[in-house]
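Inspection log for the structure reproduced underneath, given as structure tokens.
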Amino acid sequence: QVQLVESGGGLVQPGGSLRLSCAASGFTFGSSAMSWYRQTPEKERELVAFISSGGGTVDYADSVKGRFTISRDDEKNMVYLQMDSLKPEDTAIYYCSAKVIRAVWASDDYWGQGTRVTVSS
């Protein structure tokens, strides 16, 4: 059973930092692309950061480029999101997502339960 468990969220002052962690299990982590999404009641779920299987390719939303860094540790089945220079508009629930291949022609996207990040003074 695919499981994704996020942690590391909390309350932080503007300009501060947080590191989110996602523990993955139930699938072949090393062959799966991983992403971080975020969502607020006012906005649709937004792709924040992407990392390919093997970690060779990363991509970020324009709003977080230069401030956020996604990384993965395939030996530990972990993916991380280092968030620096946080802004109030970064406030959201952050979700870890896995693209799990189930056939050569198909894959499924899974999300964890999310971890809340609040950036406020």
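The values are calculated or read from the model by the stated rules, or taken from the named source; none is laboratory data. This is a predicted model, so every value here is computed, not measured. Using ideal geometry, Cβ is built from the backbone for each residue, glycine included, and neighbour counts are taken over all protein chains shown. Ligands, DNA and RNA are excluded from the accessible area calculation, which covers all protein heavy atoms including side chains. Shrake-Rupley method; radii C 1.70, N 1.55, O 1.52, S 1.80 Å.
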Every pair of residues 6+ apart whose Cβ atoms lie under 6 Å, when the first sits in the stretch 93-121 and is closer than 17 Å to V79 by Cβ while the second is hydroxyl-bearing (S, T, Y) and part of a loop (DSSP other than H, G, I, E, B): A98/S32; K99/S32; V100/S32
Qualifying residue in the stretch 19-29 (condition: modelled with pLDDT of 95 or more, exposed (fewer than 15 other Cβ atoms within 10 Å of the Cβ), polar (S, T, N, Q) and part of a strand (DSSP E or B)): yes
Close pairs from the stretch 40-65: first touching a residue at least 24 places away in the same chain (Cβ under 8 Å) and open to solvent by less than 30 Å² (accessible area, probe 1.4 Å), partner outside any loop (DSSP other than H, G, I, E, B) and among the charged types (D, E, K, R), Cβ under 6 Å, at least 6 apart: V48/R38; I51/R72
Residues being within 24 Å of S121 (Cβ to Cβ), open to solvent by less than 30 Å² (accessible area, probe 1.4 Å) and aliphatic (A, V, I, L, M) - total across the stretch 1-17: 1
Among (1) under 15 Å from E6 (Cβ atoms); (2) of a type outside the set (D, E); (3) surrounded by 18 or more Cβ atoms within 10 Å (Cβ to Cβ), the one test that L86 misses: (1)
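Conditions tested, residue by residue: (1) of a type in the set (K, R); (2) modelled with pLDDT of 95 or more; (3) farther than 21 Å from Q3 by Cβ.
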site	(1), (2), (3)
R45	yes, no, no
V48	no, yes, no
R67	yes, yes, yes
K76	yes, yes, no
Q82	no, yes, yes
I93	no, yes, no
W105	no, no, yes
W111	no, yes, no
Checking I70 against (1) surrounded by 16 or more Cβ atoms within 10 Å (Cβ to Cβ); (2) under 16 Å from W111 (Cβ atoms); (3) in contact (Cβ under 8 Å) with a residue 40 or more places away in the chain, the condition it does not meet: (3)
Residue check, R45 in contact with a helix residue (DSSP H, G or I) (Cβ under 6 Å, 6 or more places away or on another chain), outside any loop (DSSP other than H, G, I, E, B) and not acidic (D, E): no
